[in-house]
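**Q** Let me give you the structure first, and then I'll get to my questions.
The values are calculated or read from the model by the stated rules, or taken from the named source; none is laboratory data. Worth saying up front: this structure is predicted, and the values here are computed from it rather than measured. Glycine gets a Cβ as well: all are built from the backbone with ideal geometry, and neighbour counts include every protein chain shown.
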Amino acid sequence: MKFKFSRPPKATGVYAFKKGKKFLYIGKAVNIRSRIKQHKELLHLVEQPGYIKTGSEEEALLLEAKLIKKYQPKYNVDWKDDKNYFYVGVTKEAFPRVFITHQTKNDRGSASFIGPFVDGKKLRQALKELRKTFPYRTCKTIPKKPCLWYDIKQCPAPCLLNGQRLEAYDISNIQGKEATGSMVTFINGKPDKNLYRRFKIKTISKPNDVAMLKEVLTRRFNHLEWGMPDLILIDGGIGQLNVALKLKTQNKKQKNIKFMALAKKNNELYVEGLKKPLLLKEMPRETFNLILRARDEAHRFARAYHHILRKKGLFD
């Protein structure tokens with residue numbers, strides 16, 4: 001794209017002042033001819049000004065910035081760095097952080113960037129509307145408890161993984177026989193065995209882990225005296241998660257509980273509110289360890305009770 005050096009038009013675009021082969025100044029204008037006349041202090045230093053017409057003022061702004069960065073004109077100041085560009089940054093984490101920035105420095109590929117954008121106000125409004133449909137995280141450091149964004153359902157709340165009370169559930173059976181369910185409780189990341197509960201499955205006699213989970217959760221939620229968790233982790237996939245979420249809609253007392261399900265294959269974590277599962281290996285080490293420990297403890301506790309019932313059945 002080259003500058004034309006004929007008589008400047010009354011059009012939107014970018015104009016430039018050169019002295020020999022060096023650029024002295026590059027600017028944008030709605031009316032190029034009128035704007036050039038205002039540069040009385042530079043006109044005596046240059047030959048005939050050049051210009052490039054554009055389709056809009058925003059297009060002219062982007063082109064102006066691009067050309068200034070390329071040619072580094074002597075009398076331009078504003079566009080010699082990235083401070084007037086806007087970019088949307090998205091971190092490469094299990095729960096990505098979305099942010100607006102002027103810089104695109106990428107520390108070891110830890111984030112990707114979309115842009116540039118020229119209107120910061122419009123960009124913020126667009127992200128605000130997007131967040132209502134696709135909740136995302138904005139905090140640099142994950143807090144210890146959920147904030148207002150979680151309350152209005154505009155953040156997936158990874159802080160709940162450090163939630164004060166976590167309950168994990170598992171089902172154990174062999175072909176539906178002597179089926180058991182377990183509930184283990186972690187308080188601030190540590191198991192509290194006083195709050196462990198075990199369930200002998202009463203309504204299901206055939207292999208059906210999803211139906212058994214539904215029975216266990218239904219019975220658990222009938223015990224309000226046990227207190228309510230901040231987060232529930234289920235051993236299973238999307239089927240188990242959907243059963244839990246359906247129960248959640250049937251009882252307002254569970255509305256503030258966040259549900260997750262951990263599938264054994266590839267350790268995929270299905271999280272309420274997210275359309276795609278997260279890979280556990282991509283999560284912070286502290287979170288990774290807590291989730292695996294809770295899942296394994298629920299599995300151990302369910303199997304232990306299952307073996308007790310099997311032995312009892314043999315003697316009977």
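**Q** What are the residues in the range 26-67 that are free of Cβ contacts under 8 Å to residues at least 24 places away in the same chain and closer than 11 Å to Pro8 by Cβ, if any?
**A** Asn31, Arg35, Lys37
**Q** Scan the range 287-300 and tell me whether some residue there is closer than 13 Å to Glu167 by Cα and surrounded by fewer than 15 Cβ atoms within 10 Å (Cβ to Cβ).
**A** Scanning the range 287-300 turns up at least one residue that is closer than 13 Å to Glu167 by Cα and surrounded by fewer than 15 Cβ atoms within 10 Å (Cβ to Cβ).
**Q** Is it the case that some residue within the range 255-269 is in contact with an Asp or Glu (Cβ under 8 Å, 6 or more places away or on another chain) and in contact (Cβ under 8 Å) with a residue 60 or more places away in the chain?
**A** yes
**Q** Return the only residue of Val14, Val77 being within 27 Å of His102 (Cβ to Cβ) and either at pLDDT 85 or above or assigned to a helix (DSSP H, G or I) (or both).
**A** Step by step, each of Val14, Val77 is checked, and only Val14 is within 27 Å of His102 (Cβ to Cβ) and either at pLDDT 85 or above or assigned to a helix (DSSP H, G or I) (or both).
**Q** Does any residue of the range 121-129 turn out to be out of contact with any Lys or Arg (no Cβ under 9 Å at 6 or more places or on another chain), in contact (Cβ under 8 Å) with a residue 24 or more places away in the chain, outside the structural domain of Thr287 (by TED's automatic domain parsing) and small (Gly, Ala, Ser)?
**A** no
**Q** Still on this structure, please answer the following. Kindly establish whether Lys214 is in a loop (DSSP other than H, G, I, E, B), of a type in the set (Lys, Arg) and either surrounded by fewer than 20 Cβ atoms within 10 Å (Cβ to Cβ) or touching a strand residue (DSSP E or B) at 6+ places or on another chain (Cβ under 7 Å) (or both).
**A** no
**Q** Does Lys276 satisfy the criteria of being more than 25 Å from Ala211 (Cβ to Cβ) and part of a loop (DSSP other than H, G, I, E, B)?
**A** Criteria met by Lys276.
**Q** Oh, and also: Test each condition in (1) buried (at least 16 other Cβ atoms within 10 Å of the Cβ); (2) modelled with pLDDT of 90 or more; (3) under 15 Å from Ser172 (Cα atoms) for Ile204 and report the one that comes out false.
**A** Of everything listed in (1) buried (at least 16 other Cβ atoms within 10 Å of the Cβ); (2) modelled with pLDDT of 90 or more; (3) under 15 Å from Ser172 (Cα atoms), Ile204 misses just condition (2).
**Q** Tally time: how many residues in the range 162-219 are in contact with a helix residue (DSSP H, G or I) (Cβ under 7 Å, 6 or more places away or on another chain), within 17 Å of Leu241 (Cα to Cα) and aliphatic (A, V, I, L, M)?
**A** So the answer is 7.
**Q** Continuing with this model, one more query. Search the range 243-281 for residues being surrounded by 14 or more Cβ atoms within 10 Å (Cβ to Cβ) and among the charged types (D, E, K, R), and hand back the single one that is farthest from the chain's Cα centre (by Cα).
**A** Only one residue tops the list, namely Lys248.
**Q** Name every residue in the range 202-234 that is acidic (Asp, Glu) and either farther than 20 Å from Gln164 by Cα or over 31 Å from the mean Cα position of the chain (by Cα) (or both), in order of residue number.
**A** Scanning the range 202-234 gives Asp209, Glu215, Glu225.
**Q** Still on this structure, please answer the following. Give the residues of the range 182-201 that are buried (at least 20 other Cβ atoms within 10 Å of the Cβ) and over 14 Å from Ile232 (Cα atoms), sorted by residue number.
**A** Phe199, Ile201
**Q** Another question, if that's okay. Do we find that Gly236 is surrounded by 16 or more Cβ atoms within 10 Å (Cβ to Cβ) and among the small types (Gly, Ala, Ser) in this structure?
**A** yes
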